[in-house]
Amino acid sequence: MHRMHLFLCACALAHRASGDFAPSAALPPLLQFANGTSVHGAAGWAARRLELRSLLQEHILGTLPTGPPPKLASVTLLNKTAPIATACGCYVRLDFLCNSTSVVFDIQLAWPCAAAAEGAAAVPLFLTQWNHRMWGVRGVQRGYMMALYPGADPRDASGDFRAAYPAATFHKILARTFVASRVLDALLGPGLPQRLQGVALPRINAKRVCISGHSRNGKQSLIAAAFDERITAVVGSSPGSPIAAPVRFSSAEYDGEGVEFVQPTRDWWLPSLATYKGRENTLPADGHMVVALIAPRHALIATGMSDHEGDTTYASEMNIAASGPVYELLGAPNAARTRFRPGRHHGYIEADDYFDWF
């Protein structure tokens, strides 16, 4: 073990000596304004939040549409699914008017049948992407209402919103969070009745709204919570760089992804992010800003201990450590955490752990 330790240290020193990237210890301060003054109290943090949102959009995510959100034009029941055991569900079509353009997409809802009975208590809402249906099913078994939305590779409505807002520069990951927020518009706003064309729906507890997804869906889940304060808890499952694992602590040389993985074919981030290869310490925004924007709500970074496809445990821990002062400032010192599971990026994932967190 001693020889192996010396070998790894020698390799690290060789990388540094050759000028290759080695993780930097300095993340941009969160409780300091761009002009260098310190942030004090909740009011100061509210102003700093706006700066961080702008920095993330300018340097990593692309910009969101400006002005009022799209208007929910109609909600249509497509079909009611047959009850399975104690679970009920349906497919719903949402039609949003974006300026003069209509964007239409479908979602799947499921809930404990008893939750829709007259006088039943409001239920928590679990949002997840279309390819995590089994997580949603587990949520229903745990008493949640599941909402599957098209914000993932198998089904993706984000391109239609990007086409509807050509002035916005948001790339695919941020655009998918825009889809999630539109689903919340429908489910938490006045547009969705308690009875939808004969189907009785449960009441949703708006104070208990959570979201999760794995890998790139984990990235967008954290970003969705950062930009939509209606989400009260989030689990980013193996989300990796540059969101859970700040780029300053991420590199292929250290079993993770660096900014060199920003590729036009992926279309996840602004192409300019790749220009920071080798000078990551100069990037004005980084992943700890996303986690800080979630404060004081609950945020969990969950990752495999042997993940080598984008996550590094050290980088995730540094994110939580860096965002910790913000949570302390807002009176929620224990609301941001890391959780590790055995295995690699794709492997054993026990969704009950995530619902335990929620």
Enumeration of residues in the stretch 23-54 that are closer than 14 Å to Pro325 by Cβ, surrounded by 13 or more Cβ atoms within 10 Å (Cβ to Cβ) and small (Gly, Ala, Ser): Gly44
Given (1) over 20 Å from the mean Cα position of the chain (by Cα); (2) in contact (Cβ under 8 Å) with a residue 40 or more places away in the chain; (3) open to solvent by 30 Å² or more (accessible area, probe 1.4 Å), number of the condition Thr63 does not satisfy: (1)
Filtered residues of the stretch 175-202 (kept if crowded, with 21+ Cβ neighbours inside 10 Å and among the basic types (Lys, Arg)): Arg176, Arg182
Strands (runs of 3 or more DSSP E) within the stretch 203-310 that include 2 or more residues over 22 Å from Leu30 (Cβ atoms), open to solvent by 10 Å² or more (accessible area, probe 1.4 Å) and touching a residue at least 60 places away in the same chain (Cβ under 8 Å): 204-214
Candidate set from the stretch 170-203 (those that are at pLDDT 95 or above and β-branched (Val, Ile, Thr)); member that is nearest to the chain's Cα centre (by Cα): Thr177
In the stretch 75-118, the residues that are more than 19 Å from Tyr149 (Cβ to Cβ), open to solvent by less than 60 Å² (accessible area, probe 1.4 Å) and among the small types (Gly, Ala, Ser): Ala115, Ala116, Ala117
Any hit, the stretch 39-53, residues being farther than 25 Å from Leu329 by Cβ and touching a strand residue (DSSP E or B) at 6+ places or on another chain (Cβ under 7 Å): no
Counted residues, the stretch 80-109 - those being among the aliphatic types (A, V, I, L, M) and within 23 Å of Phe178 (Cβ to Cβ): 7
Residues of the stretch 311-352 that turn out to be out of contact with any Ser or Thr (no Cβ under 7 Å at 6 or more places or on another chain), open to solvent by 60 Å² or more (accessible area, probe 1.4 Å) and either hydrophobic (A, V, I, L, M, F, W, C) or modelled with pLDDT under 90 (or both), as a count: 7
Evaluation of Lys172 against (1) open to solvent by 20 Å² or more (accessible area, probe 1.4 Å); (2) touching a helix residue (DSSP H, G or I) at 6+ places or on another chain (Cβ under 9 Å); (3) closer than 29 Å to Asp356 by Cα (one fails), failing number: (3)
Output for the stretch 35-87, where each listed residue is closer than 23 Å to Ala186 by Cα and of a type in the set (Lys, Arg): Lys71, Lys80
Filtered residue count, the stretch 331-353, keeping only those that are of a type in the set (Asp, Glu) and either assigned to a helix (DSSP H, G or I) or over 21 Å from Gly136 (Cα atoms) (or both): 2
Residues located in the stretch 155-169, provided they are under 19 Å from the mean Cα position of the chain (by Cα) and either open to solvent by 10 Å² or more (accessible area, probe 1.4 Å) or not small (Gly, Ala, Ser) (or both): Arg155, Asp156, Gly159, Phe161, Arg162, Thr169
Selection from the stretch 119-154 of residues that are open to solvent by less than 40 Å² (accessible area, probe 1.4 Å), closer than 24 Å to Tyr165 by Cα and free of Cβ contacts under 8 Å to residues at least 40 places away in the same chain: Trp130
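The values are calculated or read from the model by the stated rules, or taken from the named source; none is laboratory data. Please read all numbers here as calculations on a predicted model, not as lab measurements. All Cβ positions, even for glycine, are placed from backbone atoms using ideal geometry, and neighbour counts span all protein chains on display. Heavy atoms of the whole protein, side chains included, go into the accessibility calculation; ligands, DNA and RNA do not. Shrake-Rupley method; radii C 1.70, N 1.55, O 1.52, S 1.80 Å.
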